[in-house]
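The block underneath contains the structure these notes are about, expressed in structure tokens.
The values are calculated or read from the model by the stated rules, or taken from the named source; none is laboratory data. Being a predicted model, the structure only gives us computed values, none of them experimental. Cβ placement follows ideal geometry from the backbone for every residue including glycine, while neighbour counts extend to all protein chains displayed. Surface accessibility is based on the protein's heavy atoms, side chains included, excluding ligands, DNA and RNA. Shrake-Rupley method; radii C 1.70, N 1.55, O 1.52, S 1.80 Å.
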Amino acid sequence: MSAGDKFFHLADYLTDRLNPILVKETRQALKSRQFIITFMLLLTVAWLISVFGTVWYGPAIEYGSAGRAFFVAYYYVIGFASLFVVPFGSFRSMLNERDHNTYELLSISTLSPRQIVNGKLLSSMVQVFIYYSAIAPFIAFTSLLQGFDLAMVTLFLLAGLLWSFFVSMVALMLSTLSSNRQWQAINTIGMIGLLLWQMSAAFGMSAVGLSESIPFDSEEFWWVLVSLLVGAGSFFLLAQQIAISRLTFESDNRSSGIRIICTLQFWLLWGGVWAYAYRYGMAAVHEDVIAACATMSSIHWLIAGLIFSTEPDHVSRRVRRNVSRLGAIRFLVAPWLPGGRRGLLVLLIHVLMLAIFVRLGSWDLWVQNMVLAAALYVFIYVAIGSAIGRLGQMVTPEFRPAHARVLTILIGALGMIAPYLPAAFGFTRWSNAYSLGEFANPGRTLIIISETAYGSGSHNNATVHGVLLILTAIAGVALLINLKAMFQGFSEMASWKSATAAESSSVYAED
Amino acid sequence: MIEPVLSAAAIDQRGEPALELRHLHRFFGRLKAVDDVSFKAWPGQVMGFIGPNGAGKTTSMRILATLDTPTAGDAFVCGYSVVDDPDKVRRYLGFMPDSFGKYANMNVVEYLDFYARAYGLRDAQRRDAIEHVLVFTELRKLADKAINTLSKGMSQRLGLGRCLIHDPQVMILDEPAAGLDPRARVELRELIRLLATEMKKTVLISSHILTELGEICDSAAIIEAGQILAYGTVDEIQRKQHGDSTELTRARSLHVRIAAGDDAQSRMLGLEKWLLEQPLINLVQCSGAAAIFDFEGNDEDQQRLLHNMLAAGHPVIEFYGKTQSLEDAFMNITKGITQ
Ligand SMILES: Nc1ncnc2c1ncn2[C@@H]1O[C@H](COP(=O)(O)OP(=O)(O)OP(=O)(O)O)[C@@H](O)[C@H]1O
Ligand SMILES: [Mg+2]
């Protein structure tokens, strides 16, 4: 056995433990023109920067802060490779699987969608690592210069690395969203735009960060850093889960994973707020922060809830059987199980929780009112969407979840402009004063409620109470309309048994 | 629906089927692509799945491969339901779609290696599987060739090798011979025969190239517009076409050609007129210098017919009977329904 053979067997042995997609993609990447060109380009540009930089600085390189300038230049070079080239590669690689009809064969192997997504992600990580190690000698060179700050460099390199993983994950996720080939050229151009925009934003932010000294000893700094990490981490998980769900067969459970991650995000946000309040006292958490967090949570659940609650109510036999394996626990975790009816349940739980959290916090009345109003809005919109979805399905089986979602958004948009239509057509006068009729415009209404904070005269608490009363009444109606469906979300699960031979051979078992 | 040719009792004597479709339905909106399809296949059996375009072959096969789920009914691979245990089914099933994509920057061994890994094969097991497939498909010489440069014949072999890599019990091949030249077709057929005889695999193979399937299939299901029209061994299907009557009164199709010449057209008209006057003859079709018709007599009747034809002065240069092939059975059974 030659040395080469031995190496081959060792490599074989080691790679056996790795994700098969990773092995395949890495092999392909190392042979691909795109990788080789990027790699050579990266080395050339970094080398040019070193040579011309040194010449340009001349003797001044010995003092001053040349180290920082060189680092910034190398950082942008590696940024281009890791924030643009690699994420775009992972976007294309997933699209190619679908385009070239290779995905189906992959999907019926024993690889799980999770392994496929992770394999794609890992292989882009490997590429990023290779680019980083190519740039490493140049960074080592800057460490010899004045103005080189090890802590800062480490922080920025790490941040860049993590951000590139995040961007690759999002790019992968987006590539699983479009299955329509007609749109692919547009999607690809959109993706390039998005990546360029993201890269220049990242460059801009790091330019600001690199020009300042980092307050490592400030507690605030670490709170912000950890919050950012946890927040981005949670969205990373969400993107991963969405990609996995998209690759999962339609007849499998595509929903629970996403519902769980959204729940987790909700708890992370409010857990963070409570941890901060616990550490520094309730008074340290300003009402504005609560209002901002509540707004984020509301938007988050508005989108998630609309998607969950418009899912088809029809649950496949495969899912029913798997759910029935949970036994009685299935009724406890029902809101996290697939199906539109249970989607509305999971939303209801979280908007209730949001309102309760803020009430418990003994914050100012205006923020409590604002959060209550936001929660009511979210529930109303999603409940409307859910009802539209069911109604549409009753009318025609061709009615898809996307139709319900678009209709709900249209209704929301109509609500926003409706209060101003009479004035627009000259039936009434324009007035700057808030009228109760404007409850249909959540943006204005929430701002008006928040303005009561500083006792700004024109809007008093009576107006706010009026609005809250209207919203509560509408939410009550929305609840009533959906009550039966929500109850069915629980009750239908009682009849889910593991598929028997009789069931599987009965012709219309599915309907 | 025509009843299955083979009675259920006769089938069950062969033990557990490796492949079973049980009242399988798949609707796309109002279109019934697969409409109550049931049949079984056993280890070591090559089963033909024959139907015109749009009959529902690919749809059924995709359900078997767990790429799609039935609207109703179920299918079983080695006893596992494609609806309830798709993961187990995938382990026992190899699927070769009618067209499959190829990765760029990848050679034959890497391609097989990738799928071996994707099916969880490791170490020696994986190397053996790849080696076995390379030998079986005779792709060893091309091991280092980039897969997107392979010819159609070679890439079909590679596709067959890929779906063999995890040594599945049941193989579903969707029109594997489409687009192959005659030699490649014969070679592929030979490989498929080996799969059944040597490796005891169950092969379900779809095609509209019927003459081909006739030679390698020991049983067949004919499908049209989502419904099984005939099902059984190839012999049984052919016999079924002639009704249950005896050999003697079996209708056969006869072919006559007359000498071409200046007045061929008038001679042909004469022959046609003459044929239509004869007993036992139906469905006379004439084109150029040839006539085809159904003849419901025995050998003696046929001999007399030829004698009379010559005696009547028709310039016959060819006279032969076409026995019913699988193709004819197919043409007779299917009705050309499109939906
Ligand atoms: N995804 C789909 N959506 C809607 N209709 C479909 C879909 N897939 C197949 N069909 C329809 O189902 C019917 C059966 O198609 P199928 O591909 O199974 O036929 P086939 O027997 O494989 O035909 P061919 O010999 O042309 O490959 C066709 O009418 C086809 O148009
Ligand atoms: Mg087909």
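Can you tell me which residue within the stretch B:15-38, out of those that are away from ligand 1 (no atom under 13 Å from the Cβ) and within 14 Å of chain A (Cβ to nearest Cβ), is least open to solvent (accessible area, probe 1.4 Å)?
Here is the first cut: in the stretch B:15-38, the ones away from ligand 1 (no atom under 13 Å from the Cβ) are B:15-23, B:36, B:38.
Subset that is within 14 Å of chain A (Cβ to nearest Cβ): B:20-23, B:36, B:38.
Numbers: B:E20: 30, B:L21: 3, B:R22: 71, B:H23: 72, B:D36: 50, B:S38: 44 Å².
Ranking the qualifying residues of the stretch B:15-38, first place goes to B:L21.
Is the stretch B:178-199 home to any residue that is open to solvent by less than 10 Å² (accessible area, probe 1.4 Å), within 12 Å of the chain's Cα centre (by Cα), within 16 Å of ligand 2 (Cβ to nearest atom) and under 30 Å from B:K32 (Cα atoms)?
no
On the basis of being in contact with a strand residue (DSSP E or B) (Cβ under 8 Å, 6 or more places away or on another chain), among the aliphatic types (A, V, I, L, M), more than 14 Å from ligand 1 (Cβ to nearest atom) and open to solvent by less than 10 Å² (accessible area, probe 1.4 Å), does B:M47 make the cut? Explain how you work it out, then say what you get.
Working: in contact with a strand residue (DSSP E or B) (Cβ under 8 Å, 6 or more places away or on another chain): yes; among the aliphatic types (A, V, I, L, M): yes; more than 14 Å from ligand 1 (Cβ to nearest atom): yes; open to solvent by less than 10 Å² (accessible area, probe 1.4 Å): yes.
The answer is yes for B:M47.
Within the stretch B:54-85, work out how many residues are within 11 Å of ligand 1 (Cβ to nearest atom), under 26 Å from B:G15 (Cβ atoms) and open to solvent by 10 Å² or more (accessible area, probe 1.4 Å). Don't jump to the end; show me each part of the working.
So the first thing to find is which residues in the stretch B:54-85 are within 11 Å of ligand 1 (Cβ to nearest atom), and the list is B:54-63, B:67-68.
From the residues that got through so far, the ones that are under 26 Å from B:G15 (Cβ atoms) too are B:60-61, B:63.
Going one step further and asking which of them are open to solvent by 10 Å² or more (accessible area, probe 1.4 Å), we end up with none.
Residues flagged as within 11 Å of ligand 1 (Cβ to nearest atom), under 26 Å from B:G15 (Cβ atoms) and open to solvent by 10 Å² or more (accessible area, probe 1.4 Å) within the stretch B:54-85 amount to 0.
Within the stretch B:128-150, work out how many residues are open to solvent by 60 Å² or more (accessible area, probe 1.4 Å) and hydroxyl-bearing (S, T, Y). Walk me through how you get there before you give the answer.
At the first step, the residues of the stretch B:128-150 found to be open to solvent by 60 Å² or more (accessible area, probe 1.4 Å) are B:128, B:131-132, B:135, B:138, B:140-141, B:144-145, B:148-149.
Now restrict to residues that are hydroxyl-bearing (S, T, Y): B:149.
Matching residues across the stretch B:128-150 total 1.
Give me a count of the residues in the stretch B:86-118 that are at the interface with chain A (Cβ under 9 Å from one of its Cβ atoms), assigned to a loop (DSSP other than H, G, I, E, B) and surrounded by fewer than 22 Cβ atoms within 10 Å (Cβ to Cβ).
Adding up the residues that qualify gives 8.
Residues in the stretch A:167-186 that are in a helix (DSSP H, G or I) and either touching a residue at least 40 places away in the same chain (Cβ under 8 Å) or open to solvent by less than 50 Å² (accessible area, probe 1.4 Å) (or both): how many? Walk me through how you get there before you give the answer.
Here is the first cut: in the stretch A:167-186, the residues in a helix (DSSP H, G or I) are A:167-177, A:181-186.
Remaining after also requiring either touching a residue at least 40 places away in the same chain (Cβ under 8 Å) or open to solvent by less than 50 Å² (accessible area, probe 1.4 Å) (or both): A:167-177, A:181, A:184.
Of the residues in the stretch A:167-186, 13 are in a helix (DSSP H, G or I) and either touching a residue at least 40 places away in the same chain (Cβ under 8 Å) or open to solvent by less than 50 Å² (accessible area, probe 1.4 Å) (or both).
How about the stretch B:63-81: which of its residues are among the hydrophobic types (A, V, I, L, M, F, W, C), outside any strand (DSSP E or B) and within 7 Å of chain A (Cβ to nearest Cβ)?
First pass over the stretch B:63-81, keeping only residues among the hydrophobic types (A, V, I, L, M, F, W, C): B:63-65, B:67, B:72, B:75-78.
Checking which are outside any strand (DSSP E or B) leaves us with B:63-65, B:67, B:78.
Of everything in the stretch B:63-81, those that are among the hydrophobic types (A, V, I, L, M, F, W, C), outside any strand (DSSP E or B) and within 7 Å of chain A (Cβ to nearest Cβ) turn out to be B:A65, B:L67.
If you go through the stretch B:67-75 one residue at a time, do you hit one that is touching a strand residue (DSSP E or B) at 6+ places or on another chain (Cβ under 6 Å), within 18 Å of B:S219 (Cβ to Cβ) and modelled with pLDDT of 90 or more?
Step one: filter the stretch B:67-75 for residues touching a strand residue (DSSP E or B) at 6+ places or on another chain (Cβ under 6 Å), giving B:70-75.
Filter again for within 18 Å of B:S219 (Cβ to Cβ), leaving B:75.
Next, only the ones that are modelled with pLDDT of 90 or more stay: B:75.
So far as the stretch B:67-75 goes, yes, one or more of its residues are touching a strand residue (DSSP E or B) at 6+ places or on another chain (Cβ under 6 Å), within 18 Å of B:S219 (Cβ to Cβ) and modelled with pLDDT of 90 or more.
Residue check: is B:L24 touching a Pro at 6+ places or on another chain (Cβ under 9 Å), without any contact (Cβ under 8 Å) to a residue 60 or more places away in the chain and under 30 Å from B:A129 (Cβ atoms)? Quick ask: steps written out before the conclusion?
Working: touching a Pro at 6+ places or on another chain (Cβ under 9 Å): yes; without any contact (Cβ under 8 Å) to a residue 60 or more places away in the chain: yes; under 30 Å from B:A129 (Cβ atoms): no.
Considered against the rule, which asks whether it is touching a Pro at 6+ places or on another chain (Cβ under 9 Å), without any contact (Cβ under 8 Å) to a residue 60 or more places away in the chain and under 30 Å from B:A129 (Cβ atoms), B:L24 comes out as no.
So which pairs qualify, if the first residue must be in the stretch A:212-223 and under 19 Å from A:S65 (Cα atoms), the second must be part of a loop (DSSP other than H, G, I, E, B), the Cβ gap must be under 9 Å, and the two must be at least 6 apart or on different chains?
A:S213/A:D149; A:I214/A:D149
Report, by residue number, each residue of the stretch A:111-151 that is open to solvent by 50 Å² or more (accessible area, probe 1.4 Å), under 28 Å from the mean Cα position of the chain (by Cα) and farther than 28 Å from A:R33 by Cβ.
Scanning the stretch A:111-151 gives a single hit, A:R114.
Among the numbered criteria (1) touching a residue at least 60 places away in the same chain (Cβ under 8 Å); (2) within 26 Å of the chain's Cα centre (by Cα); (3) over 24 Å from A:Y276 (Cβ atoms), which single criterion is violated by A:V358?
Among (1) touching a residue at least 60 places away in the same chain (Cβ under 8 Å); (2) within 26 Å of the chain's Cα centre (by Cα); (3) over 24 Å from A:Y276 (Cβ atoms), the lone unmet condition for A:V358 is (3).
Take the stretch B:22-31 and flag every residue that is more than 16 Å from ligand 2 (Cβ to nearest atom) and closer than 17 Å to B:K57 by Cβ.
Narrowing the stretch B:22-31 to residues more than 16 Å from ligand 2 (Cβ to nearest atom): B:22-23, B:25, B:27, B:29-30.
Passing the criteria: B:H25, B:F27.
Return the residues of the stretch B:32-61 that are on the phi > 0 side of the Ramachandran plot, out of contact with any Lys or Arg (no Cβ under 8 Å at 6 or more places or on another chain) and within 16 Å of ligand 2 (Cβ to nearest atom); say none if nothing qualifies.
Hit for the stretch B:32-61 is B:G54, nothing else.
Is there any pair with a first residue in the stretch A:108-131 that is closer than 25 Å to B:L93 by Cβ and a second that is open to solvent by 40 Å² or more (accessible area, probe 1.4 Å) whose Cβ atoms are under 8 Å apart and which are 6 or more apart or on different chains, and what are they?
Correct list of pairs: A:T110/B:D87; A:T110/B:R91; A:T110/B:G120.
Provide a single number: the residues in the stretch B:272-301 that are touching a residue at least 12 places away in the same chain (Cβ under 8 Å) and part of a strand (DSSP E or B).
Total satisfying the criteria: 10.
Please work out which one of (1) more than 20 Å from B:F136 (Cβ to Cβ); (2) open to solvent by less than 30 Å² (accessible area, probe 1.4 Å); (3) within 16 Å of ligand 2 (Cβ to nearest atom); (4) not aromatic (F, W, Y) is the condition B:L229 fails and give its number.
B:L229 satisfies all of (1) more than 20 Å from B:F136 (Cβ to Cβ); (2) open to solvent by less than 30 Å² (accessible area, probe 1.4 Å); (3) within 16 Å of ligand 2 (Cβ to nearest atom); (4) not aromatic (F, W, Y) except (3).
Residue by residue, here is whether (1) modelled with pLDDT under 85; (2) assigned to a loop (DSSP other than H, G, I, E, B); (3) surrounded by 22 or more Cβ atoms within 10 Å (Cβ to Cβ); (4) away from chain B (no Cβ under 14 Å) holds:
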| position | (1), (2), (3), (4) |
| --- | --- |
| A:H314 | yes, yes, no, no |
| A:R341 | no, no, yes, yes |
| A:L352 | no, no, no, yes |
| A:V358 | no, no, yes, yes |
| A:L376 | no, no, yes, yes |
| A:I388 | no, no, no, yes |
| A:M394 | no, no, no, yes |
| A:A402 | no, no, no, yes |
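Would you check which residues across the stretch B:160-177 are among the small types (G, A, S) and away from ligand 1 (no atom under 16 Å from the Cβ) and list them? Let's see the steps before the verdict.
Going through the stretch B:160-177, the residues among the small types (G, A, S) turn out to be B:161, B:177.
The answer is B:G161, and nothing else.
Kindly indicate which of A:M205, A:M199 is surrounded by fewer than 15 Cβ atoms within 10 Å (Cβ to Cβ), among the aliphatic types (A, V, I, L, M) and out of contact with any His (no Cβ under 8 Å at 6 or more places or on another chain).
Numbers: A:M199 fails: surrounded by fewer than 15 Cβ atoms within 10 Å (Cβ to Cβ).
Of the residues listed, the single one that is surrounded by fewer than 15 Cβ atoms within 10 Å (Cβ to Cβ), among the aliphatic types (A, V, I, L, M) and out of contact with any His (no Cβ under 8 Å at 6 or more places or on another chain) is A:M205.
Out of (1) away from chain A (no Cβ under 14 Å); (2) open to solvent by 20 Å² or more (accessible area, probe 1.4 Å); (3) not hydroxyl-bearing (S, T, Y), what's the single condition that is false for B:Q125?
Answer for B:Q125: the failing condition is (1).
Under 9 Å between Cβ atoms, which residue pairs at least 6 apart in sequence (or on different chains) link something in the stretch B:151-175 that is closer than 11 Å to B:P97 by Cβ with a partner that is more than 16 Å from ligand 1 (Cβ to nearest atom) and among the hydroxyl-bearing types (S, T, Y)?
B:R162/B:Y111; B:R162/B:Y115; B:C163/B:Y115
Consider the stretch A:360-374. How many of its residues are open to solvent by 30 Å² or more (accessible area, probe 1.4 Å), modelled with pLDDT under 90 and among the hydrophobic types (A, V, I, L, M, F, W, C)?
So in the stretch A:360-374, the residues open to solvent by 30 Å² or more (accessible area, probe 1.4 Å) come out as A:360, A:362, A:364-365, A:372.
Those left that are additionally modelled with pLDDT under 90: A:360, A:362, A:364-365.
In the following step, the residues that additionally are among the hydrophobic types (A, V, I, L, M, F, W, C) were identified as A:360, A:365.
Count: 2.
Mind checking which pairs have a first residue in the stretch B:126-149 that is within 18 Å of B:D167 (Cα to Cα) and in a helix (DSSP H, G or I) and a second that is open to solvent by 70 Å² or more (accessible area, probe 1.4 Å) and of a type outside the set (G, A, S), Cβ under 6 Å, 6 or more apart or different chains?
Once the first residue is within 18 Å of B:D167 (Cα to Cα) and in a helix (DSSP H, G or I) and sits in the stretch B:126-149, its partners that are open to solvent by 70 Å² or more (accessible area, probe 1.4 Å) and of a type outside the set (G, A, S) give B:L134/B:R140.
Could you tell me which of the residues B:D85, B:D144, B:D98, B:D123 is of a type in the set (D, E) and at pLDDT 90 or above?
That would be B:D144, the only listed residue that is of a type in the set (D, E) and at pLDDT 90 or above.
Is the stretch A:249-266 home to any residue that is farther than 30 Å from A:L111 by Cβ and touching a helix residue (DSSP H, G or I) at 6+ places or on another chain (Cβ under 8 Å)?
Taking the stretch A:249-266 as the starting set, the residues that turn out to be farther than 30 Å from A:L111 by Cβ are A:266.
Imposing the further condition that a residue be touching a helix residue (DSSP H, G or I) at 6+ places or on another chain (Cβ under 8 Å) reduces the set to A:266.
For the stretch A:249-266, residues farther than 30 Å from A:L111 by Cβ and touching a helix residue (DSSP H, G or I) at 6+ places or on another chain (Cβ under 8 Å): present.
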